[in-house]
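Notes to accompany the following structure.
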Amino acid sequence: VPILSGHSTGVELMRKVLAKYPYEEFADEYDFLLANHFFDRGDYDEATLEFEQFVKTYPTSEWAPTAQFQLAQCHLHAHQGLEYDPRPMEKARATLEKYIEKNPHGDKVKEAEATLAQLDNDVARKDFQTALFYRKKGKPKSALIYLRGIVAQHPGSPWAIQAQEVIEELEPPPPPPPEAPDADAV
């Protein structure tokens, strides 16, 4: 059943067919096409709902891995940046991790891993900027919390190297050990 030229008419028809015949041999393919239709139109909210339903309804479908990857892409499109609501990014991360776990040899694994690495880098950069803000405001303890978090959570990132340098600037060196009394002076 192709999606008709009238968008709402075609979508309504497709949904009626899928509601009436959810487990026919064509149903998963049509449901996947419907979800991709919304994605291709840039209607990521509707695509998110469709892909979520697809993954629940057809977990063993040949399109399930791609649907899960596309669901992560929908969440990424909803992510407006680190200054805004972090939930879309967190959902994207969790969905990509699940995609990789379920499909370790999938055709989108490298892209998913690269996206996860970019998300990590973005978070580390934001935390580094926050640490610098606290340092500038004369709150070194607050800055150190963020800097130590970067080093612990993003050890391979360039931000971890920079964070370690700032940590060394902010933490005073340990005091020298007390001198032992001179044996001859006694």
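Listing for the model above:
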{"item": "Answer residue from segment 128-142, given it is open to solvent by 40 Å² or more (accessible area, probe 1.4 Å) and among the aromatic types (Phe, Trp, Tyr) and is nearest to Leu170 (Cα to Cα) among those", "result": "Tyr134"}
{"item": "Residues being of a type in the set (A, V, I, L, M) and surrounded by 13 or more Cβ atoms within 10 Å (Cβ to Cβ) - total across segment 162-186", "result": "4"}
{"item": "Contacts under 6 angstrom Cβ, first residue in segment 129-142 being touching a residue at least 24 places away in the same chain (Cβ under 8 Å) and part of a helix (DSSP H, G or I), partner of a type outside the set (Ser, Thr, Tyr) and surrounded by fewer than 16 Cβ atoms within 10 Å (Cβ to Cβ), 6 or more apart", "result": "Pro140/Leu170"}
{"item": "Condition check for Tyr99: of a type in the set (Ser, Thr, Tyr), part of a loop (DSSP other than H, G, I, E, B) and under 25 Å from the mean Cα position of the chain (by Cα)", "result": "no"}
{"item": "Conditions (1) part of a loop (DSSP other than H, G, I, E, B); (2) closer than 20 Å to Pro158 by Cβ; number of the one not met by Pro104", "result": "(2)"}
{"item": "Residues of segment 20-36 that turn out to be modelled with pLDDT of 85 or more, open to solvent by less than 80 Å² (accessible area, probe 1.4 Å) and either touching a strand residue (DSSP E or B) at 6+ places or on another chain (Cβ under 9 Å) or not in a helix (DSSP H, G or I) (or both), as a count", "result": "1"}
{"item": "Conditions (1) open to solvent by less than 70 Å² (accessible area, probe 1.4 Å); (2) among the aliphatic types (A, V, I, L, M); (3) at pLDDT 90 or above; number of the one not met by Leu49", "result": "(1)"}
{"item": "The listed residue being surrounded by 19 or more Cβ atoms within 10 Å (Cβ to Cβ), in contact with a His (Cβ under 7 Å, 6 or more places away or on another chain), of a type in the set (A, V, I, L, M) and not in a loop (DSSP other than H, G, I, E, B), out of Ala72, Ala92", "result": "Ala92"}
{"item": "In segment 52-71, the residues that are aromatic (Phe, Trp, Tyr) and at pLDDT below 95", "result": "Phe54, Tyr58, Trp63"}
{"item": "Any chance Thr60 is surrounded by fewer than 16 Cβ atoms within 10 Å (Cβ to Cβ) and hydroxyl-bearing (Ser, Thr, Tyr)", "result": "yes"}
{"item": "Some residue of segment 143-153 being surrounded by fewer than 18 Cβ atoms within 10 Å (Cβ to Cβ) and assigned to a loop (DSSP other than H, G, I, E, B)", "result": "no"}
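The values are calculated or read from the model by the stated rules, or taken from the named source; none is laboratory data. Quantities reported herein were computed from a predicted structural model and do not represent experimental measurements. Glycine also receives a Cβ, built like all others from the backbone with ideal geometry; neighbour counts cover every protein chain displayed. Heavy atoms of the whole protein, side chains included, go into the accessibility calculation; ligands, DNA and RNA do not. Shrake-Rupley method; radii C 1.70, N 1.55, O 1.52, S 1.80 Å.
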